[in-house]
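Worksheet: the structure to be examined is printed underneath.
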Ligand code: KG4
Ligand code: ZN
């Protein structure tokens, strides 16, 4: 039976985190359980889809049970709806979450609400921890989503409405962090490892290229990997074509300096384009989401640039930037209230888009 308790149970399993959360009124986190597969995938230096799907199967029920205990909810029948990530992501992984959500809806007679994972990364900016108070982001806003698989800027004039301003033409920002991290012999995932290594850089004079792509809001990060390879070869005193693809044995100081130069380039481009987009559309708020938004240098850079222009920045705490189910619960609440419903035939949509370029 549907009710208007505002309580949304959310399930997220699109990539390598098995996550269940309960969120009230699209903002307040009652519980946020995430079982990470990072340790599992670090041996292979990346995600093996079949291994990820099996791990979701192993952890989904224990994660759901922990969420039930922590939420203080006596029965799932008190829920207003169940929200689930329908895409984008790995098909086999998505299916585990979708099947769990359908089962709960069938058992408790609840509405099923499909959520786009990328919309979730944006709506993470609405979330509040148990004791936290802060106003919701104001429209119009510019949202920068920077994750392992996506990098784009959208304008939101209103809730759930997106206009694509620009996107990566090749690698996602997180993908660049992961690839360069691997090249430098750092552990998986590369993002946090590069941030840590860069913080230890003494010399900060290694300048990596910036792909500005004219006055567009598009991004390109694939050249950074090539630039990093060139720098590493120079460091080793060998020719680029004689160099292996990853795990180079470099002195720690060189790793730190290269990590710093690479991160500085990514942060510079992301900050400049986001601020220019915000000024151009007269944004009242800048929202940043996705795993790379957990990067403290990026957060500070955007916050400093925006405060100079009196634009409010909302970046979730790092644990809510990386994949979690609370963000699906936040987006799911607004989607549910807007009437979004899926049937028991809901399918995984591995290549689902949030917004497509407008015709020129
Ligand atoms: O959003 P997310 O958890 O999963 C996707 O939907 O892709 O993002 C994962 C990505 C990875 O590429 C990871 O290296 C990156 O986010 N990441 C970071 C940091 N923490 C995670 N990148 C830079 N700095 C970080 N602190
Ligand atoms: Zn994500």
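Summary table
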{"read-out": "Strands (runs of 3 or more DSSP E) wholly inside segment 1-89 that include at least 2 residues being over 20 Å from residue 117 (Cα atoms) and free of Cβ contacts under 8 Å to residues at least 24 places away in the same chain", "value": "none"}
{"read-out": "All positions within segment 245-260 that are without any contact (Cβ under 8 Å) to a residue 24 or more places away in the chain and more than 30 Å from the chain's Cα centre (by Cα)", "value": "251"}
{"read-out": "So residue 33, is it surrounded by 20 or more Cβ atoms within 10 Å (Cβ to Cβ), farther than 20 Å from residue 343 by Cα and within 16 Å of ligand 1 (Cβ to nearest atom)", "value": "yes"}
{"read-out": "Test: residue 302 is under 17 Å from residue 269 (Cα atoms), away from ligand 2 (no atom under 16 Å from the Cβ) and touching a strand residue (DSSP E or B) at 6+ places or on another chain (Cβ under 7 Å)", "value": "yes"}
{"read-out": "Residue in segment 276-296 that is farthest from the chain's Cα centre (by Cα), counting only those that are within 16 Å of ligand 2 (Cβ to nearest atom) and within 17 Å of residue 157 (Cα to Cα)", "value": "287"}
{"read-out": "Condition met for residue 100 (within 21 Å of the chain's Cα centre (by Cα), away from ligand 1 (no atom under 16 Å from the Cβ), crowded, with 17+ Cβ neighbours inside 10 Å and not in a strand (DSSP E or B))", "value": "no"}
{"read-out": "Residue, farthest from the chain's Cα centre (by Cα), within segment 168-191, restricted to residues that are farther than 24 Å from residue 234 by Cβ and more than 14 Å from ligand 2 (Cβ to nearest atom)", "value": "169"}
{"read-out": "Flag for residue 213 being within 30 Å of residue 328 (Cβ to Cβ), touching a residue at least 40 places away in the same chain (Cβ under 8 Å) and either away from ligand 1 (no atom under 16 Å from the Cβ) or in a loop (DSSP other than H, G, I, E, B) (or both)", "value": "no"}
{"read-out": "Residue match in segment 205-223 (condition: within 15 Å of ligand 2 (Cβ to nearest atom), buried (at least 24 other Cβ atoms within 10 Å of the Cβ), on the phi < 0 side of the Ramachandran plot and modelled with pLDDT of 95 or more)", "value": "no"}
{"read-out": "The listed residue being out of contact with any helix residue (DSSP H, G or I) (no Cβ under 9 Å at 6 or more places or on another chain) and more than 16 Å from ligand 2 (Cβ to nearest atom), out of 43, 81, 55", "value": "43"}
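One line per residue, one yes/no per condition, for (1) at pLDDT below 95; (2) closer than 25 Å to residue 337 by Cβ; (3) within 16 Å of ligand 1 (Cβ to nearest atom):
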| site | (1), (2), (3) |
| --- | --- |
| 127 | no, yes, yes |
| 144 | no, no, yes |
| 150 | no, no, yes |
| 162 | no, yes, no |
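The values are calculated or read from the model by the stated rules, or taken from the named source; none is laboratory data. Bear in mind that the values here come from a model prediction, so they are computed numbers and not experimental data. Neighbour counts are summed over all protein chains in view; Cβ atoms, including those assigned to glycine, are modelled from backbone coordinates with ideal geometry.
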